[in-house]
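Undergrad: Encoded as structure tokens, here's the structure I'll be asking about.
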Amino acid sequence: MTRQDSGGDRRDTAKVLYITYDGLTDPLGQSQVLPYLVGLSEHGHRITILSCEKPAAMGREGAAIRSQCEAAGIDWQPLPYHKRPPVLSSAFDLAMLRREAARLHRSRGFDLVHCRSYIPAAAGLHLKRRHGVRLLFDMRGFWPEEKTEGGSWNLHNPVFRLVYRHFKRLESRLLSEADAIVSLTEAGKTELLRRSELRGEAERVDVIPCCVDIGHFALAGVEERSAARQELNIAQDAHVLAYLGSLGGNYMLGEMLDFFDVYRKRHSGARFLFITREKPGVIAEAAKRGVGSGELVVRAAQRGDVPRLLAAADLGIAFKQPSFSALGCSPTKLGEMLAVGLPIVANEGVGDVTETLERTRAGVVVNGFDDENYRQAIDEVERSSVQPDDRRQAAIDCFDVELGIERYDAIYRRLLAPVGNQGARR
């Protein structure tokens, strides 16, 4: 499968415009965007990244990210991100993305536009309709439902009701017109294939979960555990439950604190380690649940610090509200905690989490949010014969970023095929 480039040479790699509303200087951009694109560049694809960057993060991380992109042969075109006023700022950013994407295409002639979630995909759809550029809609999940279910868009507010309806119409157009669609989960793909816009075209939907740079998350050993506990001022013999990542929205902080209450009754002197930037919210909610601040260890961390801090833990936890949008969710923290060898307690109803943990035996799934289920989960973890090496292998088998790179590479090469070989999109 090859095609002609502008100089007449035959090639099977793509000129790609990657559009992301998440900045490369944000932790998510560093873990869930850049590693994939560096790998795809190593496969020969010529990558241009168009992103929206928060000023503070850009000032702190911009030079390092610029160097990383240049070393990988990636052309990075950052734009400023605007947060206020709500709704209008996002509309302004979308207009910027559309304008800049069109300008870049006029000078570079992209083969395809790879769009991470809905706002970037609106800019990509414009390129497809105006210039015939192939469109990869990397939808990440059911974003409009994530916003409503998490409380960010209150549908009783007429403004947010209009915003929701706008993005649902956009979603319908993207599902109809995208040349390829990526879902994070098999559960999400199953829901998509029920949609009339896909007309049973299962071949247009690929599943690529949130992957992990396994090399970045080394298996935690005895020395790493001891050093992490010393750094965090945690007793060497304490039992430590850990949570990694952002809170709020659909994440169930209260229920995780309730789980910890059962855990500390089992293990006197236990500590709950939060690796998150949301310290005030954790402490306030813990007080409501009867958990003292002295039992919490809350640390904000840069990406490079996370593996070192996770080494202090005995058990990881990840509770997320089961809902329609959760079907499309692939928690990055799952693969990261497994990669350092931690067992995990999670809840059912979230993407492919139940199937993954049951198949690999790398963790335990609770079927309800009550003390009895929590006690049973702790019992099961503590009886398990699965070793840290086994859990790390589960992370490699299910979530290694190299698997994600290979799957994206296959999609890129498929989209380079002549239109008649894959069916034209409307």
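The values are calculated or read from the model by the stated rules, or taken from the named source; none is laboratory data. Please read these numbers as outputs of a predicted model, since none were measured by experiment. Counting neighbours? That spans all protein chains shown, and the Cβs are built from the backbone with ideal geometry, glycine included. What goes into the accessible areas is simple: the full protein's heavy atoms, side chains included, and nothing from ligands, DNA or RNA. Shrake-Rupley method; radii C 1.70, N 1.55, O 1.52, S 1.80 Å.
Undergrad: Could you sort 277-288, 331-342, 40-51 so that the peptide with the highest average Cβ count within 10 Å comes first and the rest follow in order?
TA: The densest-packed peptide leads the list: 331-342, 40-51, 277-288.
Undergrad: Still on this structure, I have one more. Checking the cross-link filter: which lysines have an alpha carbon closer than 20 Å to that of LYS54, excluding same-chain neighbours under 8 positions apart?
TA: LYS83
Undergrad: Another question, if that's okay. Output ³J(HN,Hα) for the stretch 302-318: one whole-Hz value per residue in order, computed from phi by the Karplus curve 6.51 cos²θ - 1.76 cosθ + 1.60 with θ = phi - 60°, and x for Gly and Pro.
TA: Running phi through 6.51 cos²θ - 1.76 cosθ + 1.60 with θ = phi - 60° gives 6, 4, x, 8, 4, x, 5, 6, 4, 4, 6, 8, 9, 8, x, 9, 8 Hz.
Undergrad: If you stretched the chain out fully between HIS43 and HIS156, how much longer would it get, using 0.36 nm times the residue separation minus the C-alpha to C-alpha distance?
TA: Computed gain between HIS43 and HIS156 is 35.9 nm.
Undergrad: Would you kindly derive the ³J(HN,Hα) couplings of the stretch 380-397 from the backbone phi angles with the Karplus curve 6.51 cos²θ - 1.76 cosθ + 1.60 (θ = phi - 60°), listing them in order in whole Hz, with x for Gly and Pro?
TA: 5, 4, 6, 8, 5, 9, 5, 9, x, 4, 5, 5, 5, 5, 4, 5, 5, 5
Undergrad: Residue by residue, what Karplus-based ³J(HN,Hα) values in Hz, rounded to whole numbers, does the stretch 155-163 have, using 6.51, -1.76 and 1.60 with θ = phi - 60° and x for Gly and Pro?
TA: Calculated HN-Hα couplings, in order: 6, 6, 7, x, 5, 6, 5, 5, 4 Hz.
Undergrad: Let me ask something else about it. Taking amide H atoms as placed 1.01 Å from N in the peptide plane, list the residues 5 or more away in sequence, or in a different chain, whose amide H sits under 5 Å from that of ILE49.
TA: TYR18, ASP75, TRP76, GLN77
Undergrad: What are the residues whose amide H is under 5 Å from the amide H of VAL297, where those residues sit 5 or more places off or on another chain and H is modelled from the backbone?
TA: Correct list: PHE272, LEU273, PHE274.
Undergrad: Carbon-plus-sulfur fraction of the accessible area of the chain, 1.4 Å probe, in percent?
TA: 49
Undergrad: Between the alpha-carbon centers of the stretch 168-205 and the stretch 82-160, tell me the distance in whole angstrom.
TA: 17
Undergrad: Then there is this: Calculate the FRET efficiency for ARG195 and GLU348 from the Cβ-Cβ distance with a Förster distance of 25 Å, rounded to the nearest 0.05.
TA: 0.55
Undergrad: So what is the accessible area of the chain per residue, in Å², with the probe set to 1.4 Å?
TA: 43
Undergrad: Can you list residues whose amide H is under 5 Å from LEU315's amide H, if they're 5+ apart or on another chain and H is modeled 1.01 Å from N?
TA: The answer is VAL240, ALA242.
Undergrad: Okay, next question. The chain: Rg/Rh from Cα coordinates, Kirkwood Rh?
TA: 0.98
Undergrad: Okay, moving on. Tell me, what is the percent relative contact order of the stretch 110-153, built from C-alpha pairs under 8 Å that lie six or more residues apart?
TA: Averaging sequence separation for qualifying contacts and normalising by length gives 42 percent for the stretch 110-153.
Undergrad: On to the next question. Per-residue ellipticity at 222 nm for the chain, helices alone: DSSP H runs ≥ 4 residues times -39500 (n - 2.57), over residue total, nearest 500 deg cm²/dmol?
TA: -14500 deg cm²/dmol
Undergrad: Going by average Cβ neighbours within 10 Å, how do the peptides 343-351, 192-200 rank, with the highest at the top?
TA: Taking the mean over residues of other Cβ atoms within 10 Å, the ranking is 343-351, 192-200.
Undergrad: Continuing with the same structure: Just need the relative contact order of the stretch 1-138 here, percent rounded to a whole number, with Cα pairs under 8 Å and 6+ apart.
TA: It comes to 26 percent, rounded to a whole number.
Undergrad: Continuing with the same structure: Would you work out the relative contact order for the chain, in percent, from Cα pairs under 8 angstrom that are 6 or more residues apart?
TA: Relative contact order of the chain: 16 percent.
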